[in-house]
1. Can you tell me which aspartates and glutamates have their Cα less than 20 Å from the Cα of Lys198? Leave out same-chain residues fewer than eight positions away.
2. Expressed in nm to one decimal, what extension gain is obtained for the pair Arg96 and Tyr52 from 0.36 nm per residue of sequence separation less their Cα-Cα distance?
3. Solvent-accessible area per residue for the chain at a 1.4 Å probe radius, Å²?
4. Would you mind telling me the share, in percent, of accessible area of the chain contributed by carbon and sulfur at probe 1.4 angstrom?
5. Given contacts defined as C-alpha pairs under 8 Å and at least six residues apart, what's the relative contact order of region 3-267, whole-number percent?
6. Using the alpha-carbon centroid of each, what span in Å lies between region 228-255 and region 128-200?
7. Which of Arg112, Arg95, Arg181 moves most in a GNM of the chain, Cα contacts under 10 Å?
8. List, in the order given, every pair from Lys100/Lys153; Lys100/Lys213; Lys153/Lys213 whose Cα-Cα distance in the structure shown is over 25 Å.
Amino acid sequence: MLRAVLLGTGSPPPNPLRRGPATLLALDAERFLVDAGSGVGAQLVRAGIRPYDWPRVLITHHHSDHTIDLGHLLITRWIVGQNAPLEVWGPAGTRRQIEKLLDYLGWDVEVRRAHMHEREPPRVSVTEIEEGRLMDVGGVQVSAFLVEHDPVKPAFGFHFEGGGRRVVVSGDTRPCENLMRWSHAADVLIHECCEMAKTSWFPGCGWPTLEDKIRDLASYHTQPDQVGLVAREARARTLVLTHLMPGSDRAELAAAAAKPFGGPVAVGEDLMEV
Ligand SMILES: [Zn+2]
Ligand SMILES: [Zn+2]
């Protein structure tokens, strides 16, 4: 069966209980990591995957909370001895970001290589993606679909099908009809629920008032009263909430989502298998 493990269920604010956004999909030995949020390396190890075996990475979009530990993944698997290129699949701009990352890591790579024998620098294989089928490997078909996270364009969600199971990972999006189409009757819909009412505000943060900030950011994320409607429209079998704010209350989130959905709702926890 295609397994899905929530490695990180948090959002940009640091939360000791929730690492940054990252989800692992696996069918037997074939593995896919969606996003590389803060702490993802340690979470992969907790999920039983040593750095030498860290899998290909699929990036939903270039907000920093989804990419901040890409450098950690790429340098650490190389440090332990992995020479195969790290596969990174992501939206337009991914190639440029990886080039900058390799440039940033360049000094460290060279001082480490000075201690090693006949070691090549780390390599990355980048594929910039568009909507549609990305790959069909190890019995898993992976597709990307566009979501609505303006002004971040393009932003993608991913659809996985393998071992008789369909799992969708939303990425960051407001309620999105294209996502509902792609996740129609999915076995598991792992959907963001970034409750902006719980956000913080400080003078000079870029919004004149807390209310302005909430309204603005809520317009490109999905709120607790909306996520159940999305799952209902999609006719998903199970809804899993992720990308949670530190102040969000599990019981409140579950109740808000379950009311319009009517099906089973799981409020995500780090390392939960869904
Ligand atoms: Zn985002
Ligand atoms: Zn995010």
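1. Asp65, Asp172, Glu211, Asp212, Asp216, Asp225, Asp249, Glu252, Glu269, Asp270
2. Taking Arg96 through Tyr52 to full extension adds about 13.3 nm, to one decimal.
3. 46 Å²
4. Values: 6460 of 12490 Å².
The computed percentage sits at 52.
5. Details: 569 pairs, mean separation 37.3, N = 265.
Relative contact order, region 3-267: 14 percent.
6. Computed from Cα coordinates, the inter-centre distance equals 15 Å.
7. Among Arg112, Arg95, Arg181, the largest GNM mean-square fluctuation belongs to Arg112.
8. On the way: Lys100/Lys153 20 Å; Lys100/Lys213 31 Å; Lys153/Lys213 20 Å.
Pairs exceeding the cut-off: Lys100/Lys213.
The values are calculated or read from the model by the stated rules, or taken from the named source; none is laboratory data. The model shown is predicted, which means the values in this text are computed figures rather than measured ones. So basically every Cβ, Gly included, is an ideal-geometry build from the backbone, and we count neighbours across all protein chains shown. When the accessible area is computed, the model is the full protein with side chains, heavy atoms only, and any ligands, DNA or RNA have been set aside. Shrake-Rupley method; radii C 1.70, N 1.55, O 1.52, S 1.80 Å.
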